[in-house]
Amino acid sequence: MTDPKDYDDVTIVCFRVGERVLVVDGASKTKCEGCAMDVWIAPSSRRIRAENKHARVVCAQCAAKRLVSREQLDEIEGTLENRKRRN
Ligand SMILES: [Zn+2]
C-alpha cells in the first residue's frame, strides 16, 4: 500500500461552509484553492496538508470540475435531474 504522503499531488476534498453536511469534530475553516470559498477541513486532513507541501485543498465542486470535463458534468447533472423527476 502506498502511503498518501508519497504521492506528489494530494487533493483534499472539503465541503463548503454553509452546505448541509456533517462537520467533523475539531474541523476548522480554510479556503478552497480553486474558488476561494470557505470550506471545512477536518483535523486528519489538516495533518495531511501539514505533512505534504503538494497537498491542495479544494471544495467538492472544484474537485468535480478537475476530475471530469464540463460535458461529463452536464451529463451527470442531467442524470440527477432525471432521477429527481422520476421520484
Ligand atoms: Zn472550490
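Selection of first residues in region 66-78 that are surrounded by 11 or more Cβ atoms within 10 Å (Cβ to Cβ) and of second residues that are assigned to a loop (DSSP other than H, G, I, E, B) and at pLDDT 70 or above, restricted to Cβ pairs under 8 Å at least 6 apart or on distinct chains, gives the following pairs, ordered by first then second residue: R66/G34.
Can you list the helices (runs of 4 or more DSSP H) lying wholly within region 37-87 that have 2 or more residues being closer than 17 Å to F15 by Cα and among the polar types (S, T, N, Q)?
43-51
The values are calculated or read from the model by the stated rules, or taken from the named source; none is laboratory data. Worth saying up front: this structure is predicted, and the values here are computed from it rather than measured. Heads up, the Cβs are rebuilt from the backbone with ideal geometry, glycines too, and the neighbour counts pull from every protein chain shown.
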